[in-house]
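See structure below.
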Amino acid sequence: MGSIEALITNEDLRKYPFLPEALKRLKELDLTIDDLASEDIGKSILNRVRDNLVSSIRTGNVSPPHEDAEIETLSFLVTLLVLRVIGERGLAERYAVALSKRVRNFLKEENLSKVVYIAQAVIGLGVRIKGGDIYIDVVSFLNNMPEYKGAWKLVNRELIKGWVRVTFRELIRLVENGVKNLIIHRSSQEITGLELPDEVYLIVEEISTEWSKKLREYEEARSAIVKRGEAYYPPCISFLLSQMREGKNLTHSARFAVATFLLNTGMSVDETLEMFKLSPDYREDLARYQVEHIAGLRGSKVKYLTYKCDNMRSLGLCRWTCKGVRHPLQFFYRSLRGKRPDVSENS
C-alpha cells in the first residue's frame, strides 16, 4: 500500500497543529509576525505559548488543544519560534516530549488509516498495510524507535525484505517519537535577520527565567552528587547524568541504570528523585513509586542492582572499556580506594 489519504477535519487540525493541512490554512490567512502585536488574535496566541511552555517546564505536560484550530496552529508555530530564540535544546526537548505525549493520547483513539496518514504526511514514515498487518520500512523504524532494548532491538523483530512488522500500539509509539524529533529539529534551527515584536521578546524573557529556575533546581541536586564523589563514577554513569543535565529524555533502561547506581552508592530515594526532575516527562508520583520499588521499599522488597557492563553495552548505554571492570559499582568502589581503573573510549 502506498500513500494513504484521510479526511482531515477541523478537530484534527486542533489535535495535530503540525499537519500540512493546518499549515496550508495559515498561509491562506496571510498573517505576518507583526500581527502578534495586535489586540485580538495576537494576545490569545501569545498567552497560549506562555502557558504551554511554562506548563511543560513545571509539569512535563501541555494543555488540551485550543477550541480554535487556527489559534492552536499559530501558537504551535510561535512556540517553535520562541524556542529557537532562546536556543536551549533541553527546553526544546522538554516541550517536544510534552506535546508528543498529548499526540500519542489522541492517536490511540484514531482508526488505522488516520494514524498511517499522519505517520506518512508529518514524519515521512514508510508504512505498508498487508493482510491486516502493519509494516514499517527498516530505516523509518530505526530512525524513530523510542529506545534500543527488548522488543525494539532489530534482532528481536520480524524483518521481511526491508520491512519490520509492528503492532498498532508500536506504530503509535513510532509516530510519537517521530513527532518529538520533528519538534526538536524545527525548534533548534538558527534564526537570522528576523525582527520580532516586543510582545514576543517578553515571552522569551519570561520563559528563559522559568527555565533558569528549573536548571538551578537541578544544579542544587547535582551539587549533592559532587559532594558524594561524582569523580569516582564510571564514564557511562557520568555521561547519562550529563544527558539529564541537558534535559534529554532518557530511555527507561538508562533511567534504571542511573537510579540503581545512585541508590547503591548511598543516595536516598529523595536525593535520587532530585536528579530526575529535569526529565522532560517527569512525574513526581510515578517517579517516586518506581525509585522506591528499585530501592526495595515496595513490591518484592528486593533492592535492584545496576546493569553489568556487558548489559550496559548491549543496551547502548556504554561506549567505554574500563580495565578489569565488569560492573559500574566495581568501578566506583575501586576509585574510592584510590585505584581508579584505566578508561578507553571505543571507536
Within the chain, cysteines having no neighbouring cysteine beta carbon under 4.7 Å are CYS309, CYS322
Debye intensity ratio in log₁₀ form over the Cα atoms of the chain, taken at each q of 0.11, 0.12, 0.14, 0.15 Å⁻¹
-0.84, -0.98, -1.21, -1.30
Computed helical MRE - 222 nm, the chain, DSSP H runs ≥ 4 contributing -39500 (n - 2.57), nearest 500:
-18000 deg cm²/dmol
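Where in the chain are the helices, taken as whole DSSP H runs, whose Cα atoms extend 24 angstrom or more along the long axis and whose Kyte-Doolittle mean reaches at least 0.5?
Numbers: long enough: 41-58 (26 Å, -0.07); 69-86 (26 Å, 1.75); 89-107 (26 Å, -0.18); 168-186 (27 Å, 0.06); 198-228 (45 Å, -0.73).
Sorted by number, the helices that extend far enough and score high enough are 69-86.
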Report, ordered by chain and residue number, the aspartates and glutamates lying within cross-link reach of LYS161, taken as a straight Cα distance under 14 Å and ignoring same-chain residues fewer than 8 apart.
ASP137
The stretch 270-347: relative contact order as a whole-number percent, Cα under 8 Å and 6+ apart
19 percent
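Taking neighbour counts of Cβ atoms within 10 Å as a proxy for exposure, in what order, fewest first, do SER212, SER55 appear? Mind showing how you got there, number by number?
Numbers: SER212 11, SER55 15.
Neighbour counts put them in this order, fewest first: SER212, SER55.
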Separation between Cα centres of the stretch 108-147 and the stretch 27-94, rounded to whole Å
28 Å
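Pairs LYS15/LYS214; LYS248/LYS323; LYS277/LYS339; LYS43/LYS213; LYS15/LYS308: which are spaced more than 31 Å apart, C-alpha to C-alpha? List each step's numbers first, then the result.
Working: LYS15/LYS214 28 Å; LYS248/LYS323 29 Å; LYS277/LYS339 33 Å; LYS43/LYS213 25 Å; LYS15/LYS308 43 Å.
The answer is LYS277/LYS339; LYS15/LYS308.
Rule-based calculations on the coordinates, nothing more; no lab input. Everything quoted here is computed from the prediction, not taken from an experiment. Neighbour counts run over all protein chains shown; Cβ positions are idealised from the backbone, glycine included.
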